[in-house]
Protein chains: 2
Amino acid sequence: MAEGGAPVTMSDVARSAGVSTATVSRVVNGRYGVSARTIAQVRSAIEQLGYESSLVATSLRRSRTNVLGLVTHSFQSYTAEVLKGVMDELSQSGFDLIIYANSDLYGSYSEGWEQRHLARLAGTLTDGSIVVTPSGEVRSGTPVVVIDPAMGSTAPSVTADNLAGATAVVEHLLDLGHRRIAFIAGRSSLASAVAREEGYRRALTDAGIPVDPELIARGDFTPESAAPLARALLDRADRPTAIFAANDGMALKTLEVARDLGLDVPGDLSVAGFDNIPDSALAEPGLTTVDQSMYLLGNEAARMLKSLVRGDWEGPGQIVLPTRLVVRGSTAAPRSL
Amino acid sequence: MAEGGAPVTMSDVARSAGVSTATVSRVVNGRYGVSARTIAQVRSAIEQLGYESSLVATSLRRSRTNVLGLVTHSFQSYTAEVLKGVMDELSQSGFDLIIYANSDLYGSYSEGWEQRHLARLAGTLTDGSIVVTPSGEVRSGTPVVVIDPAMGSTAPSVTADNLAGATAVVEHLLDLGHRRIAFIAGRSSLASAVAREEGYRRALTDAGIPVDPELIARGDFTPESAAPLARALLDRADRPTAIFAANDGMALKTLEVARDLGLDVPGDLSVAGFDNIPDSALAEPGLTTVDQSMYLLGNEAARMLKSLVRGDWEGPGQIVLPTRLVVRGSTAAPRSL
DNA sequence: GCTGCAAACGTAACCGATAACGATTGCAAC
DNA sequence: GTTGCAATCGTTATCGGTTACGTTTGCAGC
């Protein structure tokens, strides 16, 4: 065991076993060309000293490290789901995972954070990376799979069927009898935000209802951005009977605003979101939303990245996973009917 | 921008700027002894080539890296809370975070996993580490803070007040009128499991009720371990009127078992857990449990580790954070009363 | 014009590991 | 007793940076 002092290195082992570091390296990596007696000596020295190879030194010298990277700009509840999916796929695969989070950029959307992180890891530490909701196109010397890519991204990606999900929400509201349905959009640099708005527009158009630009508010996916927008929509004389927010965070904030204004949900106002985060089920009333399995997104992304790294990926470059409408108490027929 | 090819290194920058790598290093690190003109040239070359220093190479050479490590054996929903707490504390602190997860050990409790991970990171990549629920004592050349330490651990740690929390649960059950209260214990190598059992015993003893060894089942914190134990307890002729499981995962599994046996909760049986994971609020009925803020655990651990790395830690070696009883629908007075 | 000194910069060793290559050894075949 | 070959092992260059140290340069002071 390393007794609190300097970490034990390969040359410590070599000295203790009376061989060169090259031989220790051969033993550690199971290479051919070491006598059984020497192997035993080296192993014993390794055991005694508690040697463990340095990931850093190894990855600097080797081209292949068997470590995959994941970069995210923040840890939300869904991030854990993604990670679970990733690790279940990576389990027993021989690939370890390193997650990198930068303290300066944490929580803020400084453009290009993902690029900086990738550059610091790729080519040395990791064989490939998963990037969650990047702010733009990503480049790297090693394979990259993007979860929830930026608008116009051509990189391999895994994303939920945002278009179908959003369409389903609006159709649900239309079925309930709503006609004035407002939309709080997300950060338009993300492809998912654009697809959700497109789903909203398409469902209305298909139902023969003109899209009213006055009913589209531009948020950025943060709850904070939604508060004033929801208030503005609800202060209108011709108040909408339903608000569809592009994600649950903004929808939950809308619920708060409605409550503050003394509106009854779903009596006076129906509210729907997108993502199905845990909090949505706990809200009062429960939030109608679209479930996109973050677990599956992570799972597929990991599967794809493994293949890309091994160079045997056969599937499509962009994977789209199905979504599921989850109806809860926050939506109902408008009272006026 | 690195155009998909080999990553751009410091010598690329040096060549492009017509200086040595030493000079580039000085510019990058803002060291003294470079003329303004050279600085400008180097900066321009860095800009043009899109150079980003390799974390690996830097950390190999430098003793200090300003990167902290976190090792966990799996990603549960509470892990995300811990991470949030850690990152909020680290935000703008200059310390980045690297999380390491090993695919071979993922989900399994092979003894010593944390030790292996630490040895691979410490001394080179990271300045210090946070270890979540290790299987034993951890040693490292760099500072380590343990969240939810192993039994008998002397390392700096942050933990919830498991004793008080467990006592509160049992007192709550006693107040409701329960007298036959069973306990499903957790993995006894963890200090938290031992403390929770001690809380159970103490509350009973303080109430003048003898501890019945027959009512104590030995689980290991996994839901799977709890199923047969719960069944055995509920199959008894003198069935307990309440079961307190050492964590929510086992308590939720107990709810399932009770339902399968046709028992009404809380009518026939009260069930309580510990941890307050998100699923507990969603269960039907909601699970009475003890809230330990994983966010705060992560937050405090990060604060402590930062200080330890800087060498200015003044506080106690073991931090204990308060817990809070959360009463939901799964506990009520026993029907027989 | 020479000395002295500091600023500016390059050279090379080094961090911990890997791998190509060369050197040594043992042993069988001649 | 050589020779030849394979097995075994050490030497050394290298990965991408950092830094101690040495060298060059510019300029003030005598």
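The values are calculated or read from the model by the stated rules, or taken from the named source; none is laboratory data. A quick note: this is a predicted structure, and the numbers were derived from the prediction, not measured. Heads up, the Cβs are rebuilt from the backbone with ideal geometry, glycines too, and the neighbour counts pull from every protein chain shown.
Some observations on this one:
- Subset of segment B:169-202 (residues that are surrounded by fewer than 21 Cβ atoms within 10 Å (Cβ to Cβ), small (Gly, Ala, Ser) and on the phi < 0 side of the Ramachandran plot): B:Ser188, B:Ser189, B:Ala191
- Per the listing A:Ser44, A:Ser16, A:Ser53, the residue uniquely under 30 Å from B:Glu137 (Cα atoms) and either within 10 Å of DNA strand C (Cβ to nearest atom) or facing another protein chain (nearest Cβ under 7 Å) (or both) is A:Ser53.
- Looking only at segment B:250-267, residues that are of a type outside the set (A, V, I, L, M, F, W, C), buried (at least 16 other Cβ atoms within 10 Å of the Cβ) and either at pLDDT below 95 or touching a Leu at 6+ places or on another chain (Cβ under 6 Å) (or both) come to 1 in all.
- Of all the listed residues (A:Ile216, A:Ile181), the sole one being farther than 20 Å from A:Ala150 by Cα and free of Cβ contacts under 8 Å to residues at least 40 places away in the same chain is A:Ile216.
Residue-by-condition table, conditions (1) more than 11 Å from DNA strand C (Cβ to nearest atom); (2) touching a strand residue (DSSP E or B) at 6+ places or on another chain (Cβ under 6 Å); (3) modelled with pLDDT of 85 or more; (4) hydrophobic (A, V, I, L, M, F, W, C):
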position: B:Ser11; (1), (2), (3), (4): no, no, yes, no
position: B:Gly30; (1), (2), (3), (4): yes, no, yes, no
position: B:Val34; (1), (2), (3), (4): no, no, yes, yes
position: B:Ser59; (1), (2), (3), (4): no, no, yes, no
position: B:Ser63; (1), (2), (3), (4): no, no, no, no
position: B:Asn66; (1), (2), (3), (4): yes, no, yes, no
position: B:Val71; (1), (2), (3), (4): yes, yes, yes, yes
position: B:Ser74; (1), (2), (3), (4): yes, no, no, no
position: B:Gly85; (1), (2), (3), (4): yes, no, yes, no
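- Residue check: A:Gly85 meets all listed conditions (1) within 16 Å of DNA strand D (Cβ to nearest atom); (2) within 12 Å of chain B (Cβ to nearest Cβ) but one, namely (1).
- Contacts under 9 angstrom Cβ, first residue in segment A:56-79 being under 23 Å from A:Met304 (Cβ atoms) and touching a residue at least 24 places away in the same chain (Cβ under 8 Å), partner part of a loop (DSSP other than H, G, I, E, B) and among the charged types (D, E, K, R), 6 or more apart: A:Arg64/A:Asp127; A:Thr65/A:Asp127; A:Asn66/A:Asp127; A:Val67/A:Asp127; A:Leu68/A:Asp127; A:Gly69/A:Asp127
- Screening segment A:97-139 for residues that are part of a loop (DSSP other than H, G, I, E, B) and within 14 Å of DNA strand D (Cβ to nearest atom) and picking the one that is modelled with the lowest pLDDT gives A:Gly123.
- Filtered residues of segment A:284-306 (kept if more than 12 Å from A:Arg324 (Cα to Cα) and either buried (at least 21 other Cβ atoms within 10 Å of the Cβ) or among the aromatic types (Phe, Trp, Tyr) (or both)): A:Leu287, A:Met294, A:Tyr295, A:Leu297, A:Gly298, A:Asn299, A:Glu300, A:Ala301, A:Ala302, A:Met304, A:Leu305, A:Lys306
- Flag if B:Asn102 is among the polar types (S, T, N, Q) and facing chain A (nearest Cβ under 9 Å): yes
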